[in-house]
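Nothing in this text is a laboratory measurement; each read-out follows from the coordinates by a stated rule. For clarity, every value in this text was computed on a predicted model and none was experimentally measured. So basically every Cβ, Gly included, is an ideal-geometry build from the backbone, and we count neighbours across all protein chains shown.
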Amino acid sequence: MAQVEWHSVAPAPVVLLTGREPLLLQRAADRLRTLVREKDPEVEIHNLQAGDTTPGELRQVTAPSLFGDARFVLIDNLGRANDQLLDALIDYVQQPEDGVTLVLRHGGEQRGKKLLDTIRKSGAPWVKADPIKKLNDKHAFTLSEFSRARRRIATDAVHALVDAFGSDLAELAATCQQLLSDTQPEPGEEAGPITLRDVEALTAGRVETTAFAVADAAIGGKEREALALLRHAELAGVDPVPLVASFARKLRDVARAAAPGATAQSVGMPDWLFRNQAREARQWTDRGLAAAIQAVASADHGVKGNERDPHWTVQRMVISICRARRIR
């Protein structure tokens, strides 16, 4: 089976979409539907749910057309198909009909494994859409949203978008599209890079109240700014536990970049992220970095029930980190 990315998949007699990231699965299905319609605007579209579809209905929507009309058939939630439909699909995959694009969506459940194995052996294209969880992967996803639109975006703007919207991939993608629309140049003008200011204008201050924005200011030694952002974050309802976790992640990246002989490849970071963290690491001494990491560890212990006032615990951590940066 030829595995392809969602943005590269092309129509075929049978296409498999599998995984647990609904946004990417939907994008793959939408892309296939659009490509089929571009080729034949009169194509018949059938959207079916596996749990409600019988073998007879499958035969009806995939049977040879008297006039050779093209058909696009999407069967969703294969994990809910009964044995009869799975058996019918196995037979169909081995001998698909001409003029039909059959798209099968499977959410990664155990049910339907024999069908998936049959599709693999058939050589049909396959899109695997797993959830995007790692921070680096979210940065890469955000960059790809703009690169496909042939637009540049500043690194700090990428960070801000992920910090503010990275917990929901659909929201992150929608915000990227809104930014592209809002920053569209006038006819005849060249599009410049999307900046942090553009992100801030769109999100109306949300970026400044995120945990990562507080961490960036503190690690940069900007005590007054970090405390102000912390107050905004607390008013916005940012929970102390993930806030401390964001500090731990940021400091961990700085420490990895500070290691002797470290490279982007050796620490598993994208080149641009490693350059940024290495630049920050040069402003820290080993003693200062150790003190900052200890402050985060102490705060993590405190906000998880070992101190009465988690907000004061976080504030003390921020002050300690800002001052640790000045240790020489």
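Here are the numbers for this structure:
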quantity: Spin-label pair S8/K39, simplified geometry with 7 Å Cα→Cβ offset, distance in nm; calculated: 1.9
quantity: Positive-end extreme of charge dipole, the chain - chosen from L251, A12, I75 (charges on Cβ); calculated: L251
quantity: Quotient of Cα Rg and 2.2 N^0.38 Å for the chain, N being how many residues it contains; calculated: 1.27
quantity: Folded to 0 to 90 degrees: helix 155-165 orientation relative to the chain principal axis, Cα; calculated: 70
quantity: Simple spin-label estimate for R279 and N82 in nanometres, 7 Å along Cα-Cβ; calculated: 6.2
quantity: Three-way shape call for the stretch 179-328 based on the alpha-carbon gyration tensor, with the a/c threshold at 1.5; calculated: oblate
quantity: Percent of C-alpha pairs per 10 Å bin, the stretch 1-117, short to long; calculated: 13, 49, 34, 4
quantity: Helical contribution to [θ] at 222 nm, DSSP H n ≥ 4, -39,500 (n - 2.57), averaged over the chain, rounded to 500; calculated: -17000 deg cm²/dmol
quantity: Ordering of 125-132, 50-57 by burial proxy (mean other Cβ atoms within 10 Å per residue, highest first); calculated: 125-132, 50-57
quantity: Set of lysines with alpha-carbon distance to K114 below 27 Å, sequence-local pairs under 8 removed; calculated: K128
quantity: 0 to 90° range, to nearest 10: angle between helix 22-39 axis and the chain longest Cα axis; calculated: 40
quantity: Estimated distance in nm for a label pair at R150 and W312, the labels positioned 7 Å out from Cα along Cα-to-Cβ; calculated: 5.9
quantity: Amide hydrogen neighbours beyond the local backbone of V4, cut-off 5 Å, H modeled; calculated: W126, V127, K128
